[in-house]
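Below is one structure; the comments refer to it alone.
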Amino acid sequence: MLKISENEIQKLCQYAVDEYPNECCGILLGSKRTGSVQEIYRAKNVAAIDRKNLHFLMNPLELYRVELEAEKNHMEIVGFYHSHTDYPAVLSAEDISFMIQGCVYLVVPVMKGICGEIKCFMKENGDGEVYEITTDCG
């Protein structure tokens, strides 16, 4: 189970709506041990500049800087998030291919500019199976 505050969920939805019709992306910071997200980080989607971003890509140097800053604040990267524009919160083959085992992945659907139900996924460490996990928004 992933624990994330309603306030952080609202921030995710607002960010996704703000970036619509492009996909947004970012990093979930907190504790893997407790499965809790304490902070979300908005990353820049560098996938495409001159056309509609229908996928996402984070700059590896930005990711590294966020990881170092998180460690200073006694946090770690719990996972990642991105939005799907006018598409449900299901993982694409591309999403699955880039998943890191042990990290959670939130998918934020934005349909015609309105945020829908967020889904959370994880790739199992043992067999690489991807499954949906529940979130506790408290």
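Overview of values
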| read-out | value |
| --- | --- |
| The listed residue being under 16 Å from Leu12 (Cβ atoms), surrounded by fewer than 18 Cβ atoms within 10 Å (Cβ to Cβ) and modelled with pLDDT under 95, out of Gly102, Gly138 | Gly138 |
| Criterion violated by Asp95 - all others in (1) under 20 Å from Ile133 (Cβ atoms); (2) touching a residue at least 60 places away in the same chain (Cβ under 8 Å); (3) surrounded by fewer than 20 Cβ atoms within 10 Å (Cβ to Cβ) satisfied | (2) |
| When residues of the stretch 70-89 are limited to those that are in contact with a Pro (Cβ under 8 Å, 6 or more places away or on another chain) and of a type outside the set (Phe, Trp, Tyr), the one farthest from Glu39 (Cα to Cα) | Asp86 |
| All positions within the stretch 68-86 that are surrounded by fewer than 18 Cβ atoms within 10 Å (Cβ to Cβ) and closer than 19 Å to Ile27 by Cβ | Leu68, Glu69, Glu71, Lys72, Asn73, His74, Glu76 |
| Residues that are open to solvent by less than 30 Å² (accessible area, probe 1.4 Å), in contact with a strand residue (DSSP E or B) (Cβ under 7 Å, 6 or more places away or on another chain) and at pLDDT below 90, drawn from the stretch 40-57 | Asn45 |
| Flag if Asn7 is over 22 Å from Lys123 (Cα atoms), open to solvent by 50 Å² or more (accessible area, probe 1.4 Å) and either without any contact (Cβ under 8 Å) to a residue 40 or more places away in the chain or not small (Gly, Ala, Ser) (or both) | yes |
| Test: Val37 is in contact (Cβ under 8 Å) with a residue 40 or more places away in the chain and either more than 23 Å from Gly128 (Cα to Cα) or of a type in the set (A, V, I, L, M, F, W, C) (or both) | yes |
| Failed condition for Arg65, given (1) at pLDDT 95 or above; (2) open to solvent by 80 Å² or more (accessible area, probe 1.4 Å); (3) within 15 Å of the chain's Cα centre (by Cα) | (3) |
| The lone exception for Glu132 - which of (1) more than 23 Å from Glu76 (Cα to Cα); (2) charged (D, E, K, R); (3) not in a loop (DSSP other than H, G, I, E, B) it fails | (1) |
| Condition check for Val37: in contact with a strand residue (DSSP E or B) (Cβ under 8 Å, 6 or more places away or on another chain) and open to solvent by less than 30 Å² (accessible area, probe 1.4 Å) | yes |
| In the stretch 87-126, the residues that are among the aromatic types (Phe, Trp, Tyr) and closer than 17 Å to Leu28 by Cβ | Phe98, Tyr105, Phe121 |
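The values are calculated or read from the model by the stated rules, or taken from the named source; none is laboratory data. Nothing here was measured: the structure is a model prediction, and the numbers come from that model. Cβ: placed from backbone, ideal geometry, glycine included. Neighbour counts: every protein chain shown. Side chains are part of the model used for accessible areas, which takes the heavy atoms of the whole protein and leaves out ligands, DNA and RNA. Shrake-Rupley method; radii C 1.70, N 1.55, O 1.52, S 1.80 Å.
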